[in-house]
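Trainee: One structure, as structure tokens, below. Some questions next.
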Amino acid sequence: MLRHYGVDLLDWHRGHLSSRRLSVLVQHLPRDSALLKELHGEAAEWTATDYLLATVIDQLAEANWMFATVNRDDDSEPLDFPEPIPRPGNEPTDTEHGASGDTAGEKGAPTADQLVQFFL
């Protein structure tokens with residue numbers, strides 16, 4: 001049977017819990033603990049795998065955008081640059097999108113001519 005022992009922080013003040021033990025307990029809190037959620041918000045629930053998967057999705061969307069941009073008709077409207085997957089702690093601000101709110105040129109998105117030159 002698994003038992004759960006609660007920790008009373010007053011035990012540290014009373015000298016029954018060492019600072020080292022308290023530090024170890026705090027460092028190894030589970031990802032869904034209230035303390036980690038309070039300190040890091042949604043980022044506490046993201047693992048390295050989640051960040052890598054978001055990066056892979058962003059790169060695939062950009063590759064598809066490049067392919068579609070290079071292979072579109074010259075007379076057709078330019079395609080919008082894909083929006084990246086939102087990540088914890090990276091909330092967009094109004095200054096990132098410029099005064100007009102246009103995101104097509106964000107992060108130095110290449111033009112169709114630049115893409116053609118790159119692939120030639």
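Trainee: Report the local net charge at Asp32: Lys and Arg +1, Asp and Glu -1, summed over other residues whose C-beta lies under 15 Å from its C-beta.
Mentor: Result for the neighbourhood of Asp32: -2.
Trainee: For segment 15-26, take each phi angle, set θ = phi - 60°, evaluate the Karplus expression 6.51 cos²θ - 1.76 cosθ + 1.60, and give the result in whole Hz per residue in order, putting x for glycine and proline.
Mentor: For segment 15-26, the Karplus curve yields x, 8, 10, 6, 5, 5, 5, 4, 4, 5, 4, 5 Hz.
Computed from the coordinates by the stated procedures, all read-outs in this text should not be read as laboratory data. Here the structure is a predicted model, which means the values were calculated and not measured. Methodologically, a virtual Cβ is constructed for each residue, glycine included, from the backbone with ideal geometry; neighbour enumeration extends over all protein chains shown.
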